[in-house]
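Take a look at the structure set out below.
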């Protein structure tokens, strides 16, 4: 401080000596403002010009206190550079001087809200005087919370007092954010007795601002579809930002001027058996209204303005009147609609049943009373056989007999139909429907199923018999008005003939079934005899095979024959080895002490079953004397 004081006194002395003619030689230029977000780094530039070099200049930085006084934070001359101790900037600033460009840069780190101050740059020359510039440091913080809340209760329209609509709030912004209310994209301003907007600002302990706003207005019927929201604007370095809340609606109560009632379902024409859903609603909205529906002498209460009538009949046709009663004003409003329930009565077929002689003709009619145009068709076994109210059959046969169904439909309404059957019987003697098979071949003890299907009217009596007159009980027996279906299941014990006999008062018919029993047999045992001779081995095989009806018997016989042949060959080989002395048990006719004969004198002794003499054969087949061995 002593050095700076000395320099200052010296500078003042020089100024006095030079007079007033040299004061304008030093010039300083600075920006009006520097803007930065809280927590970031700010750089404040001081530009200067001087005829003296940097060594002849003194540079000082100040900031302005709330009281208007200046507080020094930095000093620099030819010999000293120092940061003022004990200020809020002591540990957060640095200064960089560039003499060539005449620029002094003050850097402030980690900017805080309290740093929003005015900074002064003072440049003083020993010979040219002094000059200063000023810059305001502006600090910003984005708001971090925005919400809107609408009223949850309904609001009556045209009330004399203003009604609260909603509440908006934004928190922790700097500088203070602004809130604007909108209705259907139109900003709302305070209007006496119509619109009221109340803002409130809170300074948080952090120095940031929180702003809330409440909207009240005189609600009209048109506000039932209105959408309200808040817009928040806030400053940022270099401009302004904006955010919006989500949209809210309010429930507006207002009286009805008319009541409407209509059929919600079914769409289109109604038929008996349907369920009808009525809706009754006024063109107003008030919680105090009660709705009822009247039809003839019946009165129905509504749930959620809706009435459901199930399984309706033609008696539900008529006028339905809906009444709306406001329980506060007791004002009553009426609305009505007309309902017609279409119907289709049961079909009536005449005659109800028919019995015809073969070759006879018949005519039947079918009619059903309906509120709409109908279509009539006749079906037999699922196939359409006639169209129209009248069914005509000519030259009656068993093929025409059966059940005919009259189907009456209403083309305009799906699912609206009635059906009525007509049974037609054709009288005549029994007629057995010949099955695909009447002759059977089956193994003994197996079962065979015999089927007998007979048609005729009256329904024939069916009896099963055998060729010897024995009556058999069927396994199953089904009777209809003009036919019988009988099944006989029997075990095969022998060849037999079975009869299906059908009779009624008009005649009889019979069907014969022939069953042939199949007998299976097995193969007998076999024997084999082998004989050895002097020059060859004779094998005699005797095989006796019974006839068989299966292919497996032949395979067994072939296997037995092959085994016999293999045994014969094996016997011959063993016998040859025995005679050669290769195996034990040979007859002791060879002298073991005698010298071995040469290869040319090899002999083989073979004994025939038919002689007692032994014959010696040479190598070439010559006979040798017995004593030569």
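Rg/Rh, computed from the Cα trace of segment 34-81 with Rh as the Kirkwood radius, has the value 1.05. Between residue 185 and residue 283, the modelled labels are 2.7 nm apart [label points 7 Å from Cα along Cα→Cβ]. Pairwise Cα distances in segment 348-428 exceed 19 Å in 36 percent of cases.
When restricted to Cα atoms, segment 84-152 yields an Rg and a Dmax of 19.6, 77 Å, respectively.
Sequence gap at least 6, Cα distance under 8 Å: using those rules, report the relative contact order of segment 347-392 to the nearest whole percent.
Details: 50 pairs, mean separation 16.7, N = 46.
Relative CO of segment 347-392 lands at 36 percent.
Here the label points at residue 249 and residue 331, each 7 Å from Cα along the C-beta direction, are separated by 2.3 nm in the simple model. Judged by the mean number of other Cβ atoms found within 10 Å, the most tightly packed of the peptides 299-310, 452-463 leads the ranking 452-463, 299-310.
State, as an integer percentage, the relative contact order of segment 401-519 based on alpha-carbon contacts under 8 Å between residues 6 or more apart.
With pairs under 8 Å counted, the relative contact order is 28 percent.
On a per residue basis, the convex hull of the C-alpha atoms belonging to segment 269-395 measures out at 138 Å³.
Between residue 447 and residue 403, take the C-beta separation as r, use R0 = 25 Å, and let me know the FRET efficiency to the nearest 0.05. Could the numbers behind the result be given before it?
Values: r = 35 Å, r/R0 = 1.39.
So, using R0 = 25 Å, E works out to roughly 0.10.
Measuring r between the beta carbons of residue 505 and residue 303 and using R0 = 60 Å, the FRET efficiency lands at 0.30.
Can I get the semi-axes of segment 15-145's equivalent ellipsoid? Compute them from the C-alpha gyration tensor as square roots of 5 times the eigenvalues, in angstrom, largest first. Display every interim value, and only then the final one.
Details: eigenvalues 173, 39, 38 Å².
They are 29, 14, 14 Å, listed largest first.
Averaging the inverse of every distinct alpha carbon separation and then flipping it gives the Kirkwood radius. What is it for segment 255-342, in angstrom units? It would help to have the intermediate numbers written out before the result.
On the way: mean 1/r = 0.0753 Å⁻¹.
Hydrodynamic radius (Kirkwood, Cα pairs) of segment 255-342 is 13.3 Å.
Computed over the alpha-carbon pairs of segment 387-438, the distance histogram in 10 Å steps reads 18, 35, 24, 15, 7, 1 percent, short to long.
Using a 10 Å cut-off around each Cβ, can you sort 110, 399 from fewest to most neighbouring Cβ atoms? Mind showing how you got there, number by number?
Values: 110 12, 399 8.
Arranged by neighbour count, lowest to highest, 110, 399 become 399, 110.
One decimal place: the segment residue 222-residue 383 gains 51.5 nm when fully extended, by the rule 0.36 nm per residue minus the C-alpha distance. The shape of segment 145-252 can be summarised by an equivalent ellipsoid whose semi-axes, obtained from the alpha carbon gyration tensor, come to 28, 13, 12 Å from longest to shortest. Take the alpha-carbon centre of segment 63-121, take the same for segment 403-424, and report the distance between them in whole Å. Centre-to-centre (Cα) distance: 105 Å.
Could you sort the peptides 490-498, 250-258 by per-residue average Cβ neighbour count (10 Å cutoff), highest mean leading? Kindly include the intermediate steps, with their values, before the conclusion.
Details: 490-498: 14.2, 250-258: 17.6.
Highest to lowest by the protection proxy: 250-258, 490-498.
For segment 434-518, the fraction of C-alpha pairs more than 20 angstrom apart is 32%. Mean sequence separation of contacting Cα pairs (under 8 Å, at least six apart), scaled by the length of segment 255-342, corresponds to a relative contact order of 35 percent. Subtracting the Cα-Cα distance of residue 40 and residue 134 from 0.36 nm times their residue separation leaves 31.7 nm of extension gain.
Since every read-out is calculated from the coordinates, none of them should be taken as a lab result. Just so it is clear, the model here is predicted, and its values are computed rather than measured. Using ideal geometry, Cβ is built from the backbone for each residue, glycine included, and neighbour counts are taken over all protein chains shown.
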